[in-house]
Structure formats: structure tokens, C-alpha cells
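Chemist: Below is a structure I'd like to ask you about.
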Amino acid sequence: MDAFTIHTGTAAPLHRSNVDTDQIIPAEYLKRITRHGFEDALFASWRKDPDFVLNRPEYQGVSILVSGPDFGTGSSREHAVWALQDFGFRVVLCSRFADIFRGNSGKGGLLTAVIPQSAIEELWEIVEADPSIPITVDLQERKVHVGEFMCDFEVDDYVRWRLLEGLDDIGITLEHSDVISEFEKNRPSFLPSLG
Amino acid sequence: MGRTLAEKVWSDHIIHEGEGLPDLLYIDLHLIHEVTSPQAFDGLRAAGRPLRRPDLTVATEDHNIPTVDVDKPIADPVSRIQVETLRENCKEFGVTLFPLGDVEQGIVHVVGPQMGLTQPGMTIVCGDSHTSTHGAFGALAFGIGTSEVEHVMATQSLPLKPFKTMAINVEGALPEGVAAKDIILAVIAQIGTSGGQGYVLEYRGSAIRALSMEGRMTICNMSIEAGARAGMIAPDSTTFDYIKGKPHAPCGKDWESAVSYWETLNTDPDAQFDREIAIEASTLRPFVTWGTNPGQGLPLDQVVPDPKAVSDPVERAAIENALAYMDLRPGQPLKEIAIDTVFLGSCTNGRIEDLRAAALVIKNRKVADGVRLLVVPGSTRVRIEAESEGLDQIFLEAGAEWRGAGCSMCLAMNPDKLAPGERSASTSNRNFEGRQGPGGRTHLVSPEVAAATAVRGTLSAPTDLAEA
Ligand code: SF4
């Protein structure tokens, strides 16, 4: 995973709440067996509407998504994270993320930063007044800033550390292989096994 | 201080803990299916890592497989490649697989319990958010993403931050015709789709104790629709009776030690939950969703809500969007909504008891003209059992389609889909835009309501039907 420290880019406002993972990537795209190449699948059904925010010329090349509350609800499909990243997003800002989506984002290197809904609304105004305005998301300082606007964001300490270092979870866990083996010795014999 | 059920199971699985670090939890059972595993297997291969415990890993084919012509090669080439990839991966890494055509094949959350692989006090994960289903046995079970699937494959463990705990107390007796599905739809409508976020829900109270294992699974299944990763119910004699004699249930001495451990798996009387919710079972009625998330539901005898009556702008916009998508108008009685398709199935309501409940309603009646009723058993075993009871004949005589087992129209990855603009009453768990096919509209209901709706052609409760 690539490390994430600070990112500056333009943003798209998404005026929706409860953006579920079936909207982020519909099931028909989940048949693919690769980890990349999902850019066409992102918000596939909303993108059929020429007025959808990501279709508008002023929001081409965005890398930050500013969404209404409850982003990423529903299915555990990590394809939702891959589709956002393949499309070019590095950051999603929202007042509330669904748990599994948030966990998946942390694994894949997509930053999900929590800021209050009032700050989301301010950002919507700023971005809509000038879609080309660059927004900076600083993971080291946990701050979002653009022009005069600045606010702190929340991110899990452990996820932040892993993102900053670009660490792979499996590698970290495998350092504990001995304790895992030790634990396995004491598992009760009544537990099911397919062996 | 006492501990909750979730805290007990959690602490019995901690391999490693450290200041400021997530706990490393041991995983007792890893369930796998074709959709969320291929990239994880690729990751293992790329890193040259083995799959640590093939004996604690089991795979089935469910999400994308067809429910007709199951003995023929899968027609859709992309689906076929995905299923074949699962088969090759399971072979390479030594994982037991129940492929299409196998008697044990079925939806992953139906297969685990019916084989006795799901037991109290276990940690169970799967790359599927409805893994919460297994919590009905007092297991700590939750959905994970593909990176975590790879993590579990490589290490049989997961680093996790402890959840908060929420008690959902459902006391009293359910009125006639009110099902487990109605309880959980009412819970979600009450706490909202993010109300359970960060929590493990523990369903408690006399109404929960009175439910069968199938009913308990329906409830725990939809915990994720309330935003909770896991839902649990303390195991009791209903649980033990269900497990006893299943292929992977403990036997002899092991059975006794298992039961004496399982009996300790309940929340201590002095334990504290972070939040508690109370629901009076006797006030519940058959429930239905009108919108595009599972929290947008009401009792069936109500009318479509009016966004103008809601002051919160985000909430109002959500209702407006939902009504536009669902093509409904405020004030319209829910029972006047006409549907095209009824889907009876899924990991929420595709078990034998669900099929029995629907068959009881539809027996000696006919599916309304122009309505399609699709009956998709949750597993091949459920299908066989239903056929041995003659349920298939009841459905076929009513004019329904009787299919092979799988996820089918729950997520419409296979050819079972709604056409754009079509409307369904569905016993599944998600009414998101396009969930059952692009442009399709979904109303979530219980099996009993699904059957009555198929007969009348409009959203209906069994009590709305004339004598058969
Ligand atoms: S039946 Fe539906 S919810 Fe259940 S596992 Fe299959 S797709 Fe997921």
C-alpha cells in the first residue's frame, strides 16, 4: 500500500445521504476477478444521468468526494473502495461512514475523513462557488483546509498510523505467528473443523 | 462487573493485545464465496503465503450462480469464470467447496448453520455483510472486506477494535401473523440505518426467546441494515436442540463439554450495555418498506409518508429521492401499491420455516394475474426438504416458479432480475436503488406478507385474504 501523508486536489459535492455500496458499485460489476479496472463501475447507474455531478465538466479530475451522511452502507464489497480509487479518488469526506466500508478503505489506502455535516455543507458551498479550488487534506495534522476554511477531521489512530507508514496489516500480524500458534494449541476440541 | 455475551466471546478469542493497538482475534470459521475471494487468493499467491487453516475454511457457490439449468455450464461467461476461479483456488489451497450441483451447496449463511458449523461462542467471518446471521447461535459473526478475507486466509486472525454493545429488548408475545422479519424491520425503522454503527446488537427478551432458530437468524441477519456489524442472541435449549445431530456438531464427551461452555454464554445480570432499546412485541404489526433503504419502513396498514412533514433537510431530501425513485406519492395507502414480482428467498428468509410459512398462506390459492412469484430455497438441502414435504407442489399449483438454491434476485447478479421500473415484494434484506436489477423497485416484507401479496397483487397481509 502507498503511504498517505497529505493530499491536495479538487472536490466533487455529492448531495446524497445513505450512499450504499450498491450505488457506489452495482452488483453486476462484481463478477470481475481483478482488483483494478473498476472506474467505469463507480456510481454506474447515477452516471447514466448527464447532470450527475461526476459527469459535469467542472468536476472532471476530482480526487476528493464530499458526501452527505452515511456513506458506504450495505454490502461489504471492497470493490466499492477499488472503484472510488480507480476513478481517481484519494479522500472521501463525510459526517458518518458505515463501519465495514470504512475498514475496507483503511486497508486499501483510501482516506475516509469524518467532519461534521455543517462543515460538509460549507465545503459544498465553497466547491460549488469555485469547482477548481484546491482542497488540502493533511493526515499528519488531521486537517482539511481550503482558502479561509479549515477544520479538523477524525480518523482512527491505528488506521492513521498505517496509512502514514503505508503498512500492510498481514505483515504486521505475521510478526505474531508464535502467539497465534500458541493460541491454537489451547482451542477446545469440540470446535468444528473440516480437516 | 459482569460482562455481556459479546464481551465474553470477544475476550475468549484475544490472541494478542497492546496499548493503543487493536486486539488480535482468533477466527474459528471462515466462510468463502465466489465474489469476494478471488482477489484475496491472488494476494496470497503474489506474496507466496499459504492459507493457514484450510480446515477452518469452507466455500460455497451462491451469489452469482443461476437457479435454473444448474446441471449445465453457466451461460454468462463472466460469471462462469468467477465460479471456475473459486474452484481452482479452493483446489490449490485445499479448501472444502460445495459447488453448484452438490447437495450441500447453498447460500453461505444457510449452509454454515445447517451443517452444524455455526456454533455458540465461535468467531465467524465471511466476505459478506450478512455474516451477522450466525450471531443467532451466540457466535460473534461479522462481514469483512476482501483485504480482511486475505488477512484471515493468511493468519486465521483479524486485528479489531472492540465494539460497543447495545441491547434490543423485545418483550411480550407477537400478535398472530407477525413474523421475525417484522420485528427486525421495526427495529431498523426505530434506530435507523446508522443506529447500530459501531455496536454489536444483542437481541433479548421473551419475544426473542420464543423464536425458532430460523426466526432468530432472520433477525440477526439484518443487524447490518441497522448499521451494526454483528447481532447476537444468547444460546439456549432451542439453539442446542437445533445443533444436536448436525454433521459437524460435537458428539459424545465433546457435546457435553460444548454444552457446559455454551451455557455460560449469556450476558451477566449486572453487565452494562452502552445503549438499550425496548420494543413491545404485542404492538408490532406486519411491516413493509416504502423507500430505498431498510430504515424507510412502516406497518403495512399505514400510508406513504409526506416529506413536507419532516423538518430535517437531509431527511426530507432522502424521502423525496426515495419517493421519486419508488414512484410513490405521499398519503398513498401502502396496501394499494401493486407489485409485479414476489421474491421468496435469500439468507434472510430462504430457510425451510420461511417456505412453510409462505406455503401455508398460498395453499389452495392462486398467484394474481400478471404477478410472478419466484421461490428460491436458501440451500439445496432446504429445497430437498421442502420437496419432501410437498411444498414445491403447493407453490407450483399456485402458479409460482420453483428454483434451485442461491442468492438469486436478492442481489440480481445472476439472470434473476427485475426489469427497469418493475416493482417487487421481496423477503430479502435490501431495498436499495437497483438492488434487484437496474431501475427495479423493492419492498421488503416477511414470507407471510410476500405470499399474501402474490395472491392479491398488491401489498397485503395474510389477514387481507378471503377464505381459501
Ligand atoms: S442472499 Fe442476498 S444478502 Fe444473502 S448472501 Fe446472498 S446476496 Fe447477500
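Any read-out appearing in this document is the output of simple, stated calculations on the displayed coordinates, not a laboratory observation. All values derive from a computational prediction rather than experimental measurement. In this analysis, Cβ positions are derived from the backbone assuming ideal geometry, glycine residues included, and neighbour counts consider all displayed protein chains.
Chemist: Using only the alpha carbons, work out the radius of gyration and Dmax of region A:51-98 in angstrom.
Modeler: 11.4, 32
Chemist: Distance in nm between label sites at B:Thr283 and A:Ile6, each 7 Å beyond Cα in the beta-carbon direction?
Modeler: That separation, rounded to one decimal, is 5.4 nm.
Chemist: Find out how many positive minus negative residues lie around A:Asp22, taking Lys and Arg as positive, Asp and Glu as negative, among other residues whose Cβ is under 9 Å from that of A:Asp22. Working shown, then result.
Modeler: Working: positive: A:Arg77, B:Arg430, B:Arg435; negative: A:Asp20, B:Glu433.
Charge balance in the 9 Å sphere: +1.
Chemist: Given the -39500 (n - 2.57) contribution per DSSP H run of 4+ residues, what per-residue ellipticity at 222 nm results for chain A, rounded to the nearest 500 deg cm²/dmol?
Modeler: Helices in chain A give a 222 nm mean residue ellipticity of -8500 deg cm²/dmol.
Chemist: Still on this structure, please answer the following. Residues of B:206-214, mean number of Cβ from any other protein chain within 10 Å of their own Cβ, rounded to a whole number?
Modeler: Details: counts 0, 0, 0, 0, 0, 0, 0, 0, 0.
The shielding value for this peptide is 0.
Chemist: Another one. Spin-label point model (7 Å from Cα, Cβ direction): what's the B:Arg209 to B:Lys72 distance in nm?
Modeler: Result for the modelled spin labels: 5.4 nm.
Chemist: What is the sum of charges around A:Arg102, taking Lys and Arg as +1, Asp and Glu as -1, for the other residues whose C-beta is under 12 Å from the C-beta of A:Arg102? Don't skip to the answer; put the middle values down first.
Modeler: Details: positive: A:Arg96, A:Lys107, B:Lys161, B:Arg229; negative: A:Asp70, A:Glu78, A:Asp99, A:Glu154, A:Asp156.
Taking every Cβ under 12 Å from that of A:Arg102, the sum is -1.
Chemist: If the protein assembly as shown were replaced by its equivalent ellipsoid, with semi-axes equal to the square roots of 5 times the Cα gyration tensor eigenvalues, what would those be, largest first, whole Å?
Modeler: 35, 32, 24
Chemist: Using a 10 Å cut-off around each Cβ of peptide B:148-161, what is the average number of partner chain Cβ atoms that fall inside?
Modeler: Rounded to a whole number, the mean comes out at 5.
Chemist: Any idea what Rg and Dmax come out to for chain B if you just take the C-alpha atoms, in Å?
Modeler: Looking at chain B, its Cα Rg and Dmax stand at 21.5, 66 Å.
Chemist: Then there's this: Can you figure out the FRET efficiency of B:Gln272 with B:Lys244, using R₀ = 30 Å and their beta-carbon distance, to the nearest 0.05?
Modeler: Approximately 0.35, to the nearest 0.05.
Chemist: Which value in deg cm²/dmol, rounded to the nearest 500, describes the helix-derived mean residue ellipticity at 222 nm for chain B, given -39,500 (n - 2.57) per DSSP H run of n ≥ 4 and division by the residue count? Don't skip to the end; give the middle numbers.
Modeler: On the way: 16 runs with 150 residues, N = 468.
That calculation yields -9000 deg cm²/dmol at 222 nm.
Chemist: Additional query: Scan region B:217-324 for chymotrypsin sites (Phe, Trp or Tyr not before Pro) in coil per DSSP, keeping those whose Cβ has at most 11 other Cβ atoms within 10 Å, and list them by number.
Modeler: Numbers: sites: B:Phe240, B:Tyr242, B:Trp255, B:Tyr261, B:Trp262, B:Phe273, B:Phe287, B:Trp290; in loops: B:Phe273, B:Trp290.
Answer by residue number: there is no such site.
Chemist: By average Cβ neighbour count within 10 Å, what is the ranking of B:175-183, A:41-49 from highest down?
Modeler: Put in order of decreasing packing, that is B:175-183, A:41-49.
Chemist: Using a Gaussian network model of chain A whose springs link C-alpha atoms within less than 10 Å, name the residue from A:Asp157, A:Asp70, A:Asp86 with the highest mean-square fluctuation.
Modeler: Its mean-square fluctuation being the largest, the pick is A:Asp157.
Chemist: Could you tell me the largest-minus-smallest coordinate of the C-alpha atoms of region B:134-211 on each of the three principal axes, in descending order and whole angstroms?
Modeler: So the three principal-axis extents are 49, 23, 19 Å.
Chemist: For region B:332-459, go through all pairs of different Cα atoms, get the mean of 1/r, take its inverse, and jot down that Kirkwood value in Å.
Modeler: 14.0 Å
Chemist: So how do B:209-220, B:91-102, B:146-157, B:442-453 stack up, highest first, on mean other-Cβ count within 10 Å?
Modeler: B:442-453, B:146-157, B:209-220, B:91-102
Chemist: Among B:30-39, A:22-31, how do they line up by average Cβ neighbours within 10 Å per residue, starting with the highest? Walk me through the numbers on the way to the answer.
Modeler: On the way: B:30-39: 25.5, A:22-31: 23.1.
Final packing ranking: B:30-39, A:22-31.
Chemist: Out of region B:227-306, which trypsin sites (Lys or Arg not before Pro) are coil in DSSP terms and have no more than 16 other C-beta atoms within 10 Å?
Modeler: For trypsin sites (Lys or Arg not before Pro) across region B:227-306 that sit outside H, G, I, E and B with at most 16 neighbouring Cβ atoms in 10 Å, the list reads B:Lys244.
Chemist: Using a 10 Å cut-off around each Cβ of peptide B:429-439, what is the average number of partner chain Cβ atoms that fall inside?
Modeler: Mean number of neighbouring Cβ atoms from other chains: 5.
Chemist: Something else: Once fully extended, how much extra length lies between B:Asp55 and B:Thr96, figured as 0.36 nm per residue of separation less the alpha-carbon to alpha-carbon distance?
Modeler: Contour length minus the Cα-Cα distance gives 14.0 nm.
Chemist: Further question: Given R₀ = 41 Å, FRET efficiency for A:Leu164-A:Ser189 by Cβ-Cβ distance, to 0.05?
Modeler: Details: r = 43 Å, r/R0 = 1.06.
Computed FRET efficiency for A:Leu164 and A:Ser189: 0.40.
Chemist: Another question, then. Per residue, what volume in Å³ does the convex hull of the Cα atoms of chain A enclose?
Modeler: 146 Å³
Chemist: Around B:Gln190, what is the net charge, scoring Lys/Arg as +1 and Asp/Glu as -1 over all other residues with Cβ under 13 Å from its Cβ?
Modeler: Here the count lands on -3.
Chemist: Relative contact order for region B:104-185: what is it in percent, counting Cα pairs under 8 Å that are at least 6 residues apart?
Modeler: 18 percent
Chemist: Run the reach check for A:Lys143 against lysines, Cα to Cα strictly under 24 Å, same-chain hits fewer than 8 apart removed. What comes back?
Modeler: A:Lys107, B:Lys161
Chemist: In a GNM of chain A with a 10 Å cut-off on Cα contacts, which of A:Phe89, A:Phe38, A:Phe52 has the highest mean-square fluctuation?
Modeler: A:Phe52
Chemist: Using 0.36 nm times the number of residues separating B:Lys363 and B:Glu17, minus their current alpha carbon distance, what extension gain do you get?
Modeler: Extending this stretch completely gives an extra 118.9 nm.
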